[in-house]
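Asker: This structure is in structure tokens; I'll ask about it shortly.
Only the coordinates and a few stated rules stand behind these numbers; no lab work does. Note that this is a predicted model, so its numbers are computed, not measured. Glycine also receives a Cβ, built like all others from the backbone with ideal geometry; neighbour counts cover every protein chain displayed.
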Number of protein chains: 2
Amino acid sequence: YGGSSLSSMEKMKAIAKRIKAAKVSHTQVVVVVSAMGQTTNNLIKMANSAVKNPTKRELDMLLSTGEQVSTSLLAMMLNEMDEKAMSLNGFQAGIQTEGLYTKNKIKDIDITRIKQYLNDDYIVVITGFQGYNPLIGDITTLGRGGSDTTAVALAAKFNCPCDIFTDVDGIHTVDPRRYQDAKRLESITYEEMSELAFLGARVMEGRAVEIAQKYGVKLRVAQAHANTQGTIIKEKDAMIEEKHITGISVKDDIMMITLHRLPSPEKSVAELFSKLADQEINVDMISQTLLEDGTISIAFTCDSEEIEGVRETINAMHAQYPDFFVDEDSELSKVSVVGIGMRSQSGVAARMFRLLSHNQITFKLVTTSDISISYTIPTQNIDQTVALIAKEFNL
Amino acid sequence: YGGSSLSSMEKMKAIAKRIKAAKVSHTQVVVVVSAMGQTTNNLIKMANSAVKNPTKRELDMLLSTGEQVSTSLLAMMLNEMDEKAMSLNGFQAGIQTEGLYTKNKIKDIDITRIKQYLNDDYIVVITGFQGYNPLIGDITTLGRGGSDTTAVALAAKFNCPCDIFTDVDGIHTVDPRRYQDAKRLESITYEEMSELAFLGARVMEGRAVEIAQKYGVKLRVAQAHANTQGTIIKEKDAMIEEKHITGISVKDDIMMITLHRLPSPEKSVAELFSKLADQEINVDMISQTLLEDGTISIAFTCDSEEIEGVRETINAMHAQYPDFFVDEDSELSKVSVVGIGMRSQSGVAARMFRLLSHNQITFKLVTTSDISISYTIPTQNIDQTVALIAKEFNL
């Protein structure tokens, strides 16, 4: 259960009732919950009001309290409904992580304790988003949206299906908050879902989909507060193959950085991206042009919030290569069209370019993958663009 | 540092500066902090808005987040001041507890990890009020005011002095929030402090004073946000012995329960108090009268918030002894006068009874100990009573 489905005590009580009902139809139930509503954002605000640059170790310590609050409250509610229930935080649930603070990855889960409670007929309520790094003895978080990852990793470990409950009724061709005529998909392949998730669809965390695909976890994404079908995420089948385009995903708050006339491209580009990787900056789209003087212009996009790290990296590059100059473009969004059908059927890219040009929508960068095509577009044009594409491809 | 000294980011930043200064004058510094301001009360309210009777295990899980937030924020602030600092929660700090949920006791502290950080020149910031019960693998809390206990237990383990920083400048003859002419004590014995603490003075937790006495921890209680002397708590010395009365303590929100005509006193009274103990209800004052028919009337006081447990106990007693009847008196306060001089000098009790009678203040119960005398008084009369006693004994 994601945070928005738990944004009030009333909503949480409704969830508790659903879990009690699920316990009747299933032998054993493990529930993973996020922090309530805006809790994580509020904790981040708190850290930023305390200091300019919160230490990441301490930020993990701080943020992990959010899920501990929601699991304990939910377990209390289940107890009051005469259900045996027990909350466990990341450490207690045996969720072992590794990596950098605030961006840990699940290494393994020791499910001994969870199993024991399940065998004693408890509903086990586990904090999403967090774990424990046994090497350093510290509490760690998995990055935003990490609760999905926790849930799917547990399902993989227990070899059981996993329902992801959120505030939208499954996966849509376009985010319904952005385009109200968006259609719900009955099913979608892991591959398309993964592409949509990475491309910025806000329904599910991309890493979670990857783990589900890797371990064959049957996923269902459905509405937390309604009895709807939702969307099944599974291996591809013949039917899905027929569609050109499955959906549109949009990602806001991205920025584009261009390095003009960067010398020694064979060396400097590798250095640039390894420096960015050292800072754990996720570079998204990349475009490179070789200039007549042997230098290159290279542009890439990343989340606007990564800007400090990017600037540091570029300063470090300047120390080494003093001659290039830099442009920053902000207030950009990325729109992507995704469909497994693009692989076998051409013409999608052509239709897209024609559509944008015909409507005078400019884009800074374009990238394509096996099953998607993405454009950076000024954020002010994004709603118009989404509507145009949705109509064009009947999404 | 108690919660009221950390009730805002600004206050916490001021505390961080003081800790940095303390690090200059001391080789190694361990800091224990409570939850910020009203956090613990707000979490309890949250639990009560979620369910009628929060499960105690889950309440511990919930409440322990409060200190985790304050330690991580304080460590961030120290980091920003270029101090090496690390927060540890109760589990990470090796604070092993035993007992019942919400009322655990510290069994032992494995200080290996803290020592390691101290040797690496870190300021170690530890969550007060909480620990980890290794037998059941659960997070536990130590009951209200438990942060003092954490601090003193750590000082005992490290064989070092302990400063308790709070929002009043040391120990006063009367709580200054209640009687503005109260005088600050330069020093006080463990014994008197312990008596004052148990009798309801809000400055320090009684268990903490007991541990300090047992392990000879030098305590100083001083103001968190001022450079004042505070009060030293130590073994008694000749000077102190001369005073009759050291201070007055007041405890509000108590209630009195009277069981009238309880039969078989030799058996039933023991049953009553063992049933109350099973529920972890702290009975305070007790008064018993043998009646002419061989039954007894027995009255006792406890915190008003314990009322549900008391009623359950009495219902259980009724099942066994149907004939007694019950009175509940609420809105009572307890006033106690404490002084090691009472032991050697008589007359204090007589002066007290005369004073109350002369001013038409009625009391329900009176109890005396070696160094104190306590009265239950209607809460509406308590301020008047405190002022009268303070003037009478020049406190």
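Asker: What FRET efficiency would be calculated for the residue pair residue B:98, residue A:292, taking the C-beta separation as r and a Förster radius of 51 Å, to the nearest 0.05? Could the numbers behind the result be given before it?
Answerer: Values: r = 77 Å, r/R0 = 1.51.
Taking R0 as 51 Å, the efficiency between residue B:98 and residue A:292 is 0.10.
Asker: For peptide B:63-71, how many partner chain Cβ atoms fall within 10 Å of a residue's Cβ, on average? Each step should come with its number before you reach the end.
Answerer: On the way: counts 2, 4, 9, 2, 1, 6, 8, 1, 3.
Taking all residues of B:63-71 together, the mean is 4.
Asker: Could you list, in their original order, any pairs among A:56/B:115; B:13/B:84; A:13/B:45 whose Cα atoms are separated by more than 20 Å?
Answerer: Numbers: A:56/B:115 22 Å; B:13/B:84 16 Å; A:13/B:45 16 Å.
Cα-Cα > 20 Å for A:56/B:115; rest within.
Asker: On to the next question. Please list, in chain and number order, the residues 5+ apart from residue B:170 or on another chain whose amide H is under 5 Å from its amide H, with Hs placed from the backbone.
Answerer: When sequence neighbours closer than 5 places are left aside, the close amide H contacts are B:222, B:223, B:231.
Asker: Quick one: in chain A, whose Cβ comes closest to the A/B rotation axis, and how close in angstrom?
Answerer: A:65, 2
Asker: Order these peptides, B:64-76, A:250-262, by their mean beta-carbon neighbour count within 10 angstrom, highest first.
Answerer: Values: B:64-76: 27.8, A:250-262: 19.5.
The densest-packed peptide leads the list: B:64-76, A:250-262.
Asker: Once you place label points 7 Å from the Cα toward the Cβ at residue A:273 and residue A:52, how far apart are they in nm?
Answerer: Distance between label points: 3.3 nm.
Asker: What does the structure give for B:7-16 when I average, per residue, the other chain Cβ atoms found within 10 Å of the residue Cβ?
Answerer: On the way: counts 0, 1, 4, 0, 0, 1, 2, 0, 0, 2.
Across B:7-16, the average partner-chain Cβ count within 10 Å equals 1.
Asker: Using Cβ contacts closer than 10 Å as the measure, can you line up A:174, A:338 from fewest to most? Show your work: numbers first, answer last.
Answerer: Values: A:174 24, A:338 28.
So the ranking, lowest neighbour count to highest, is A:174, A:338.
Asker: Please order A:17, A:11 by the number of other Cβ within 10 Å, starting at the fewest. Could the numbers behind the result be given before it?
Answerer: Working: A:17 12, A:11 18.
Ordered from fewest to most neighbouring Cβ atoms within 10 Å, A:17, A:11 come out as A:17, A:11.
Asker: Between residue A:110 and the same site in the other copies, what are the distances in nm, shortest first, taking label points 7 Å from Cα along the C-beta direction?
Answerer: Shortest to longest, the spacings are 1.2 nm.
Asker: Would you please give the residues with an amide H less than 5 Å from that of residue B:36, counting only those at least 5 places away or on a separate chain, with H modeled from the backbone geometry?
Answerer: The list, which skips near neighbours in sequence, is B:70.
Asker: Using a 10 Å cut-off on Cβ to Cβ distances, tally the other chain neighbours for every residue of A:131-137 and report the average as a whole number. List each step's numbers first, then the result.
Answerer: Working: counts 0, 2, 0, 0, 0, 0, 4.
Across the residues of A:131-137, the mean count of other-chain Cβ atoms within 10 Å is 1.
Asker: Another question, if that's okay. May I ask for the distance between the Cα centers of segment A:187-214 and segment B:362-387, given as a whole number of Å?
Answerer: Each part's Cα centre sits 68 Å from the other's.
Asker: Under a point spin-label approximation (7 Å from Cα along Cα-to-Cβ), what is the residue A:110-residue B:266 distance to one decimal in nm?
Answerer: Placing both labels 7 Å beyond Cα along the Cβ direction yields 5.6 nm.
Asker: What ranking of B:177, A:57 emerges when the number of other C-beta atoms within 10 Å of each C-beta is taken as an exposure proxy, fewest first? Walk me through the numbers before you get to the answer.
Answerer: Details: B:177 12, A:57 21.
Fewest to most other Cβ atoms nearby, the residues stand as B:177, A:57.
Asker: When only Cα pairs under 8 Å and 6 or more residues apart are kept, what is the percent relative contact order across chain B? Each step should come with its number before you reach the end.
Answerer: Working: 788 pairs, mean separation 50.9, N = 395.
It comes to 13 percent, rounded to a whole number.
Asker: Non-local amide H neighbours of residue A:285 (under 5 Å, H modeled in plane, Pro and chain starts lacking H): which ones?
Answerer: Close amide H contacts, sequence-distant or interchain: A:301.
Asker: Related question: Spin-label point model (7 Å from Cα, Cβ direction): what's the residue B:22 to residue A:305 distance in nm?
Answerer: Distance between the two pseudo-spin positions: 3.4 nm.
Asker: Okay, next question. Hey, what's the per residue convex hull volume over the C-alpha atoms of segment A:1-90, in cubic angstrom?
Answerer: Details: hull volume 7.9 nm³, N = 90.
Residue-normalised Cα hull volume stands at 88 Å³.
Asker: Between segment B:138-184 and segment A:252-287, what's the alpha-carbon centroid distance in Å?
Answerer: 54
Asker: Moving to a separate point now. Beyond 23 Å, what percent of the Cα pairs of segment B:153-312 remain? Display every interim value, and only then the final one.
Answerer: On the way: 6555 of 12720 pairs.
Summing the P(r) of segment B:153-312 above 23 Å gives 52 percent of all pairs.
Asker: Now for a separate question. Using a Cα-Cα cut-off of under 16 Å, which aspartates and glutamates could be cross-linked to residue A:218, ignoring same-chain neighbours fewer than 8 residues away?
Answerer: The qualifying aspartates and glutamates are A:148, A:163, A:186, A:191, A:192, A:205, A:210, A:235, A:237.
Asker: Then there's this: I'd like the distance between the alpha-carbon centres of segment B:1-30 and segment A:295-341, rounded to an integer number of Å.
Answerer: Value for the Cα centre distance between the two parts: 41 Å.
Asker: Which lysines does residue A:214 reach when only Cα atoms under 18 Å apart count, and residues fewer than 8 places away in its own chain are ignored?
Answerer: Candidates past the 8-residue exclusion: A:105, A:107, A:157, A:234, A:236.
Asker: Could you state the per residue volume, in Å³, of the convex hull enclosing the Cα atoms of chain B? Provide the component values of the computation, followed by the final result.
Answerer: Numbers: hull volume 61.1 nm³, N = 395.
Output value, Cα hull per residue: 155 Å³.
Asker: Also: I need the inter-copy label distances for residue B:227: point set 7 Å along Cα to C-beta, values in nm with one decimal, smallest first.
Answerer: Result, one decimal in nm: 7.0.
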